[in-house]
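Novice: Okay, handing you the structure first.
The values are calculated or read from the model by the stated rules, or taken from the named source; none is laboratory data. This is a predicted model, so every value here is computed, not measured. Cβ: placed from backbone, ideal geometry, glycine included. Neighbour counts: every protein chain shown. What goes into the accessible areas is simple: the full protein's heavy atoms, side chains included, and nothing from ligands, DNA or RNA. Shrake-Rupley method; radii C 1.70, N 1.55, O 1.52, S 1.80 Å.
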Amino acid sequence: MSVDIAADLYQQTILTHARHPLHRGRLDPADALARGENPLCGDDCEITLRYGNDGKIADIAFEGRGCAITLASADLMAALARGRAKPELEELAEKFETLARTGEPQPGLDTLSPFRGLADYPSRVKCATLPWAALLAALEGKTEATSE
Amino acid sequence: MNDTITLTRAPALDVSAIRAEFPILAQTVRGKKLVFLDSAASAQKPRAVIDAMKSAMETQYANVHRGLHWMSERTTDAYEAARAKVANLLNAPSPEQIVFTKNTTEAINLVAHAFSALLKPGQAVLISEMEHHANLIPWQMLRDRAGVPLRIAKITDAGELDMNSLESHLQSGDIGLVAITHMSNVLGTYTPAERIARLAHEHGARVLFDGSQAAVHRAVDVQAIGADFYVFTGHKLYGPTGIGVLYAKRDLLEAMPPFLGGGEMIGTVTYERATWAEIPHKFEAGTPPILEAIGLGAAIDFVQSIGFDAIAAHEAALTDHAIATLSTIPGLTIIGRAQDRGGVISFTMQNAHPHDIATLLDRAGIAVRAGHHCAEPLMRRLNLSGTARASFAIYSTHEEIDALATTLERIRSLFG
C-alpha cells in the first residue's frame, strides 16, 4: 500500500523545520516574551525577541512543545520576522491566517506556502497560527496569547 | 468475577455480514476506503437503527404519555418498549428503574444533583484518576456548589484502578458515593465492578458506574455487579445521539428529588406547588427523546441478535492482534497495560505528535482520535499531553488494524 500520505501538508519543508528547527531556544535577556497556549490540545509556544535600534526585530527565538505544524510554523515565522517591525508583522499574520484557512497563496509569504495544505484540515489551522498569536502578543508587550 | 465473561465457547461473528448492515462503511474518505477506528468516540449506525427511526417518523409518531389518540398511544408504547429493552440489556429488575437522559453526561449530572440531596453532611464523593471529564466535572461542580468533598483514588502505572487506594479512601468512613468508570475511554482498562461495589457497600457508600464504554463491549448485569447507579449513552452502542440511560436502584429513585422540572414529571400542579410523577417519569421533564429511544431500542435488538459473547470474543481477538502488531513498531508506546482490557488502544510515537499521527492517518482514510480524550488530569498523571487512540467495534476487522500498522510505519519513517 503506497499511499502518499505526506502529500500537500506534510512536505519535506515542514518536516525538516519541525525536526531540526533553526530558531529554537530562549533569548535571555529579551525585550519581550510571550507564551501562547492552545487550550484544546495543551500545546504551547513561547516567543522571546530583541529589538534593534530601528525598532525592528533583531533577534527572535521560540520554545515549546507541539505538533510538527506548530513547530515548523514557529521556526519559519521566526526566520520571516527577523528584520521586520510590528505593523508589517501584523499584516503578515493576517495574511498567514488567510493562507492557512483558504489555501490561497499570499504575497510576501512564499516561505510559508507549505501551510496552504492546512485548508484541507480546518481543525489544524490553529496549530499553525499559535506561534503567530504569541508573536503578536509579544509585539503588544503582552505575555500571554491563545490561538483562537 | 462474574463481570469477566468466558470467551471460549463464543460463537463466531460474521464480520462481513455485520459490515453490510452499516451503510456508512461503504463510504470513501479522501479517495480511500474508510477505516473507522474511532468508535469509542461514537459508533456508526446499523440499518436497523436508521430504519426504526425513519419508520417511526413516517408511520407512527406523536408526543408520548399525554395524547388521547391512536398515534400518541402507539408512540408511547414504542417509547416504553425501548425502556423495557434497556432494562433487559442491563438485567435491571424493572423498566421503571431506567431513566432516559440526553447522554451519559446528563445522567451523571442528574445523579450529582439529585443524589447529593441524600448525602449526609460531610460525606464525600470518590472517583478515580482515570475518569472522563463527564465523571469529574459534575462532582467538582457539586463540591463548589454544596461543599461535598471530592476524593480521587489512584491508578497504577499499568493503568489499573489501585484497589488499595480505593479501599483506604473508603476506610476513612465518610465516602457517600463511589463514581468510577467501568471501562476507561483512554486506557481500555476494565475495572472490577463487582469488587468495587462490594467494597463500597461494606463501607456504607453507594456506587455509580460510568458504562459509556463498557456497556458496548460486554454484557452488563447491574444486579450481579450490585450497582446502585449505572449510566451509559446510546450513540456509542450503535444507537442515535441525544439519548442516554440512568439505571438506579428503586429506593434511590424514589427517595431522590427531581433533577429538571417541567412537563411530564409532575403529579398535580397548582400555582403554589406540584407533586412529582412516579418513577421513572419524575426524572424525565419535558418531551423526552422519543425517536432516539426508539433508535436505541433497535440498536439493543441489533447487538443482542449478534450476542455479547460473540461481540466480546471478536473484539478481544482484534485487541490482541492490534497490541501484537503495534508493539512491533519501533518508537511506538501503548499507553495502559491492564490485564483486563477492551478494544481501546492509546499510543504515542517517538518524534510524532498525536495530532500529526491523526492527520497523516486521515490522509490514508483511517479515522482515529488524538488529544487528551476528555481526560486531561489523566494525561497529566501519565506525563503526556495527549495520545492517539484507535478503538474497535463489532464491524472492525483485522485488515483494518493491518492498514493502521502499515500507515503508522510510514509515519515513523517520515518523522524518523
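Novice: Would you confirm whether or not the stretch A:11-24 contains a residue that is open to solvent by 70 Å² or more (accessible area, probe 1.4 Å), of a type in the set (A, V, I, L, M, F, W, C), away from chain B (no Cβ under 14 Å) and outside any helix (DSSP H, G or I)?
Specialist: If we filter the stretch A:11-24 for residues that are open to solvent by 70 Å² or more (accessible area, probe 1.4 Å), which is where we start, we get A:11-12, A:19-20, A:22, A:24.
Still in the running and of a type in the set (A, V, I, L, M, F, W, C): A:22.
Still in the running and away from chain B (no Cβ under 14 Å): A:22.
Filter once more, so that each one left must be outside any helix (DSSP H, G or I): A:22.
Scanning the stretch A:11-24, I find at least one residue that is open to solvent by 70 Å² or more (accessible area, probe 1.4 Å), of a type in the set (A, V, I, L, M, F, W, C), away from chain B (no Cβ under 14 Å) and outside any helix (DSSP H, G or I), so the answer is yes.
This table checks each residue for (1) at positive phi; (2) within 14 Å of the chain's Cα centre (by Cα); (3) assigned to a loop (DSSP other than H, G, I, E, B).
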{"residue": "A:ARG26", "(1), (2), (3)": "no, no, yes"}
{"residue": "A:PRO29", "(1), (2), (3)": "no, no, yes"}
{"residue": "A:ALA34", "(1), (2), (3)": "no, yes, no"}
{"residue": "A:ASP44", "(1), (2), (3)": "no, yes, no"}
{"residue": "A:THR48", "(1), (2), (3)": "no, yes, no"}
{"residue": "A:ALA58", "(1), (2), (3)": "no, no, no"}
{"residue": "A:ASP75", "(1), (2), (3)": "no, yes, no"}
{"residue": "A:ALA78", "(1), (2), (3)": "no, yes, no"}
{"residue": "A:LEU89", "(1), (2), (3)": "no, yes, no"}
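Novice: If you don't mind, there's one more thing I want to ask. Does the stretch B:130-151 contain at least one residue that is in contact with a strand residue (DSSP E or B) (Cβ under 6 Å, 6 or more places away or on another chain), open to solvent by less than 10 Å² (accessible area, probe 1.4 Å) and part of a strand (DSSP E or B)?
Specialist: Looking for residues that are in contact with a strand residue (DSSP E or B) (Cβ under 6 Å, 6 or more places away or on another chain), open to solvent by less than 10 Å² (accessible area, probe 1.4 Å) and part of a strand (DSSP E or B), one finds none in the stretch B:130-151, hence no.
Novice: Same structure again: Somewhere in the stretch B:272-289, is a residue assigned by TED's automatic domain parsing to the domain that holds B:ILE98, crowded, with 22+ Cβ neighbours inside 10 Å and charged (D, E, K, R)?
Specialist: Yes, the conditions are met somewhere in the stretch B:272-289.
Novice: Separate question: B:GLY204: on the phi > 0 side of the Ramachandran plot, surrounded by fewer than 20 Cβ atoms within 10 Å (Cβ to Cβ), modelled with pLDDT of 95 or more and touching a helix residue (DSSP H, G or I) at 6+ places or on another chain (Cβ under 8 Å), yes or no?
Specialist: no
Novice: Return the pairs, sorted by first residue and then second, in which the second residue is open to solvent by 40 Å² or more (accessible area, probe 1.4 Å) and of a type in the set (Ser, Thr, Tyr), the first residue lies in the stretch A:67-88 and is away from every other protein chain (no Cβ under 14 Å) and more than 22 Å from B:THR348 (Cβ to Cβ), the beta carbons are less than 7 Å apart, and the residues are 6+ apart or on different chains.
Specialist: Short answer, once both residue conditions are applied: A:LEU76/A:THR111; A:ALA79/A:THR111; A:LEU80/A:THR111.
Novice: Here's something else I'd like to know. In the stretch B:307-329, is there at least one residue being within 11 Å of another protein chain (Cβ to nearest Cβ), buried (at least 20 other Cβ atoms within 10 Å of the Cβ) and of a type outside the set (Phe, Trp, Tyr)? Spell out how you get there, then give the answer.
Specialist: To start, the set of residues in the stretch B:307-329 that are within 11 Å of another protein chain (Cβ to nearest Cβ) comprises none.
No: zero hits.
Novice: Let me ask something else. Considering only residues that are free of Cβ contacts under 8 Å to residues at least 40 places away in the same chain and part of a strand (DSSP E or B), look in the stretch B:370-405 and name the one that is farthest from the other protein chains (Cβ to nearest Cβ).
Specialist: Ranking the candidates gives B:ALA370 first.
Novice: Considering each of A:PRO131, A:PRO114 in turn, give the residue that is within 10 Å of the chain's Cα centre (by Cα), closer than 21 Å to B:ALA358 by Cβ and open to solvent by less than 80 Å² (accessible area, probe 1.4 Å). It would help to see each step written out before you state the result.
Specialist: Working: A:PRO114 fails: within 10 Å of the chain's Cα centre (by Cα).
Criteria check complete, one pass: A:PRO131.
Novice: Give the residue that is nearest to the other protein chains (Cβ to nearest Cβ), with candidates limited to residues of the stretch A:25-45 that are open to solvent by 20 Å² or more (accessible area, probe 1.4 Å) and touching a strand residue (DSSP E or B) at 6+ places or on another chain (Cβ under 6 Å). Talk me through it step by step, then tell me what you get.
Specialist: First, pick out the residues of the stretch A:25-45 that are open to solvent by 20 Å² or more (accessible area, probe 1.4 Å): A:26-31, A:33, A:35, A:37, A:39-40, A:44.
Filter once more, keeping what is touching a strand residue (DSSP E or B) at 6+ places or on another chain (Cβ under 6 Å): A:26-27, A:30-31, A:33, A:35, A:37, A:44.
Values: A:ARG26: 20, A:LEU27: 25, A:ALA30: 25, A:ASP31: 29, A:LEU33: 22, A:ARG35: 15, A:GLU37: 11, A:ASP44: 9 Å.
Residue satisfying both the conditions and the ranking: A:ASP44.
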